[in-house]
Amino acid sequence: MTTFRRNGDTEVSRCVARIAARMNERVTDISASIHRGLEEEIPELRADVHSVELLGSSVQGNLDTLLHALRHDIPAARIHLPPAAIEYTRRLAQHGVPLNALIRAYHLGQQRVTELVFAELQAADITPAERFLGGQAITTRLFQYLDKVTQQVVGIYEAEREQWLETRNSVRELRVRELLTGTRIVDIDGTTDQIHYPLQWHHLALIVWYPDTSTRGDELAALRRFVRKSAEAAGTAAAPLFIADDQMSGWAWLPYRSAQPGAVARVRGFAAAQADAPSIAIGTMAPGVPGFRRSHRSARDARAVALARGNSEPRIIAAADPGLSVAALLGDRIAEVWEWVGEVLGDLAADSDNDERLRETLRVFLGTGSSYKAAAAELDLHSNSVKYRVARAVSRRGRPIAEDRLDVELALLLCHWYGPPIPHPATA
């Protein structure tokens, strides 16, 4: 009897390992599917765009750890939360996302993995007994893993939330956040004294962040230095205001006694010249307390567009960039936007270097009043090259642009900011 039980346990372990190995072959697709499901089911996880970047890494890290444990029969007691999941938990704590939303994400993730496990068991060439025992063993281990990691998540979240609240608990930051919410009457002189910033002047808001999710420990200090030097380069009339948003990003305002049309270009030029500059979103200049809020809001919209592109390289983006404000208005419906762009542009919406060149040429051509000469000057090309590319772009689209030119221009603009909707063949 003992020998039979031992042999049976060995077969079950082999079955579990085979199922985990098969799922591991599709780990990227499974992670992406779980990621999308969590964003759809739990709105709180979409509250901060920057945190969404880490959600995908957290999901894949947890899935990798789980499948590794199943394949090698590693007990739950020896499993630790992966680094990306730890950082994501800390980031949500810093932004005040409710802990129950994070715990719910783990439960929904486990539910999806369980469904996939049973689909694999159903498709596997094994006996009904092996299918039953394998399913029973994997379900037990999934529960043990969930129980273990959620305990770790709660501990990390609570510790980080307490520490972050202590760090943020300054009069200056509280007053700034009150200003932005606009929920109370502002004593301009009193608040100016408290935050040491001239609220009655003109303001140019910045949002600065490091796109790389790996932490070095001195990000906030580096961001403060960057903002201070940006203010010097942009010729502000007083010291800038900076507050932390989280460990990797901050909000800033540059003060001016009067409107300065060249301030955005000076900030952009300074940032572009710095080899180690963070990503930066630049708002629009506006006066007084309403302008303080409006400039920050426009910088926040610009940043959302930058992050939606999914590029991990540092970016410089300004709310005044042509077409960005329109793109920002549609950012909350990006899936629908991409579907519409694909319908309007056809094959021209494909993710390839050639189609990107054709789209950009057609966008500039239409934006310059359909002038080959003006487009050639802006693109630094010969007019015959522009003419050829425009013809190729129309051919790739599959129909003329005369009847729906406005739709085409908007679709090209959205591709310019958000990227193409049709995946590259190699990644489709």
From the C-alpha coordinates alone, can you work out the Kirkwood hydrodynamic radius of the range 83-172, in Å? 15.3 Å
Which is farthest toward the positive dipole end of the chain among A76, A306, F270, measuring Cα position about the Cα centre, with Cβ charges +1 (Lys, Arg) and -1 (Asp, Glu)? F270
With contacts defined as alpha carbon pairs under 8 Å and 6 or more residues apart, what's the relative contact order of the chain in percent? 11 percent
Taking only Cα atoms of the range 123-179, what ratio of Rg to Rh do you get with Rh as the Kirkwood inverse-distance radius? 1.49
Calculated from DSSP helices alone, with each H run of at least 4 adding -39500 (n - 2.57) and the total divided by the residues of the chain, [θ]222 nm to the nearest 500 comes to -21500 deg cm²/dmol
In Å, what is the Rg of the alpha-carbon atoms in the range 12-147, and how long is Dmax? 15.3, 50
Values of log10 I(q)/I(0), in the order q = 0.09, 0.11, 0.15 Å⁻¹, for the range 200-328 under a Debye, Cα-only, solvent-free model: -0.22, -0.33, -0.62
Taking a temperature of 4 °C and a viscosity of 1.567 mPa s, what whole-number D in µm²/s does Stokes-Einstein yield for the chain with Rh from Kirkwood over alpha carbon pairs? 52 µm²/s
Within straight cross-link reach of K373, meaning Cα distance under 17 Å, which lysines are found once same-chain residues fewer than 8 apart are removed? K387
What percentages, rounded to whole numbers, describe P(r) for the range 154-194 computed over all alpha carbon pairs with 5 Å bin width beginning at zero? 5, 20, 22, 17, 13, 11, 7, 4, 1
Which of the peptides 393-404, 321-332, 292-303 is most tightly packed, and how do the rest follow, going by the mean number of other Cβ atoms within 10 Å of each residue? 292-303, 321-332, 393-404
How far apart, in nm, are the 7 Å Cα→Cβ label points at D147 and A374? 7.0 nm
Given the C-alpha atoms of the range 330-418, compute the convex hull and give its volume per residue in Å³. 88 Å³
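Each value in this text was obtained by applying a stated rule to the coordinates, not by laboratory testing. From a predicted model like this one, the values you see are computed outputs, not experimental measurements. Note that each Cβ is placed from the backbone with ideal geometry, even for glycine, and that neighbours are counted across all protein chains shown.
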